[in-house]
Amino acid sequence: MLFKWLDKKTEQASRKSARITSRRSFVATLGTAVIGGSALPLLPVWRSNAHASNQSDMLPQEVSPGDDPGDPNSCEYWRYCAIDGYLCSCCGGTKTSCPPGTQMSPITWIGTCRNPADGKDYIISYNDCCGKSACGRCQCIRNENDTPAYLPANSNNINWCSGGPADVVYNCSTAIVLGVN
Amino acid sequence: MRENNSAVILAALLMLIGPAAIADEQRAKANYMLNCQGCHTADGSGHQGRNIPTLKNYMGKFLKVEGGREFLIQVPGAAQALLSSEQLAELTNWMLREFDPKSLKDNFIPYQTQEVHQLRQHKVIDFTPVRSSLVKKIELLP
């Protein structure tokens, strides 16, 4: 009884499909699926996890310093007090993010700058952006509290891009607030 | 009256202890950021590509092998940090609790200022082989 019903339904379905579709249409659909499937990864989607290792956990997160006076495109901006390099905010990025086509070095040097808005010392992480040749705009050399190279943890004369995911080529520097000292 | 007094004393003690403990933790955290985080990264995972060892779920294992307790203070990044021995002891204790609480379960004795001061006097000239022999011992741990 059940099998008879199944047979009937299958026969009806295949006859119907034979009537309304051509064999070429199957080939056309298959072709679309194959080509479309292979083209999908080429679409401009966010692929931050495409690296061998996921770096986002290791990169510093900006903590809001409250009032944040000044111009991020100027060397005089308070959080650039110990910077030595090109400002990412002049190079297609921002004070806390890298320009397109570069990668942030997870290894960096960290110092403090006084925020004129509240007179407090904030901890600043100067992460370099790497992988494209030097930006060349807004060069700032302030070096306050910078230590000599034999105290490398606090030295800004080191190329912090070296050995990172985008390796040696230095493009520009960010200044990310980590907290209050 | 007597009860009132003890309540006042208790409240005063709490006010003394409470903020002090928090201030120390904040100082330790700030000292970590300023002296360690640039290389060891915010969550202590370090950077394999540049041979920067991980602290996360690992640092406390040094306390379980002979010579490891000394090493955590004598390693150049710690011994030569621009910190007083008091703050280095506080920072190391904070790091152990923050990055590797699992390894500390069985009776952890926090570093004291005096101990850290004495350990820092002894310079380890070539620390790479010292570290690798400790890591070998750690790998043999049950």
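Filter region A:113-161 down to residues that are of a type in the set (Asp, Glu) and away from chain B (no Cβ under 12 Å) and give me whichever is least open to solvent (accessible area, probe 1.4 Å). Looking at residues that are of a type in the set (Asp, Glu) and away from chain B (no Cβ under 12 Å), I get A:ASP146.
Of the residues that sit in region A:95-112 and are under 12 Å from the mean Cα position of the chain (by Cα) and surrounded by fewer than 24 Cβ atoms within 10 Å (Cβ to Cβ), which one is nearest to the other protein chains (Cβ to nearest Cβ)? Here the residue is A:GLN103. Of everything in region A:70-94 that's open to solvent by less than 20 Å² (accessible area, probe 1.4 Å) and of a type in the set (Phe, Trp, Tyr), which residue is farthest from the other protein chains (Cβ to nearest Cβ)? Going through the qualifying residues, I end up with A:TYR77. Here the strands (runs of 3 or more DSSP E) wholly within region A:63-181 that include at least 3 residues being out of contact with any His (no Cβ under 8 Å at 6 or more places or on another chain) and farther than 20 Å from B:ASN31 by Cα are A:84-86, A:128-130, A:139-141, A:170-173. Looking only at residues of region B:58-78 that are within 14 Å of chain A (Cβ to nearest Cβ) and in contact with a Phe, Trp or Tyr (Cβ under 8 Å, 6 or more places away or on another chain), we find that the one that is surrounded by the most Cβ atoms within 10 Å (Cβ to Cβ) is B:VAL75. Within region A:125-159, the residues that satisfy the criterion of being among the small types (Gly, Ala, Ser) and either at pLDDT below 85 or closer than 21 Å to B:LEU34 by Cβ (or both) are A:SER125, A:ALA149, A:ALA153, A:SER155. Which of the residues belonging to region B:114-127 are modelled with pLDDT of 95 or more and either of a type in the set (Ser, Thr, Tyr) or farther than 14 Å from B:LEU72 by Cα (or both)? Across region B:114-127, the qualifying residue is only B:GLN114. When region B:23-52 is filtered for residues that are in contact (Cβ under 8 Å) with a residue 12 or more places away in the chain and over 15 Å from the mean Cα position of the chain (by Cα), the ones remaining, listed by number, are B:CYS39, B:ILE52.
Using the structure shown, decide if B:ILE138 is within 14 Å of chain A (Cβ to nearest Cβ) and either open to solvent by 30 Å² or more (accessible area, probe 1.4 Å) or aliphatic (A, V, I, L, M) (or both). No: the conditions fail for B:ILE138.
In region B:24-54, of all residues being in a loop (DSSP other than H, G, I, E, B) and open to solvent by 20 Å² or more (accessible area, probe 1.4 Å), the one that is farthest from B:SER103 (Cα to Cα) corresponds to B:ASN51.
Taking the criterion of being of a type in the set (A, V, I, L, M, F, W, C) and touching a residue at least 40 places away in the same chain (Cβ under 8 Å), the residues of region A:114-158 that qualify are A:ALA117, A:ILE123, A:ILE124, A:CYS129, A:CYS130, A:ALA134, A:CYS135, A:CYS138, A:CYS140, A:ILE141, A:ALA153, A:ILE158. Just checking, does region B:88-97 include any residue being hydrophobic (A, V, I, L, M, F, W, C) and open to solvent by 60 Å² or more (accessible area, probe 1.4 Å)? No, the conditions are met nowhere in region B:88-97.
Looking only at residues of region B:99-137 that are of a type in the set (D, E, K, R) and assigned to a loop (DSSP other than H, G, I, E, B), we find that the one that is nearest to the chain's Cα centre (by Cα) is B:ASP100.
The values are calculated or read from the model by the stated rules, or taken from the named source; none is laboratory data. Since the model is a prediction, treat every value here as computed from it, not as a measurement. Methodologically, a virtual Cβ is constructed for each residue, glycine included, from the backbone with ideal geometry; neighbour enumeration extends over all protein chains shown. These area figures cover heavy atoms from the full protein model, side chains too; ligands, DNA and RNA do not enter into them. Shrake-Rupley method; radii C 1.70, N 1.55, O 1.52, S 1.80 Å.
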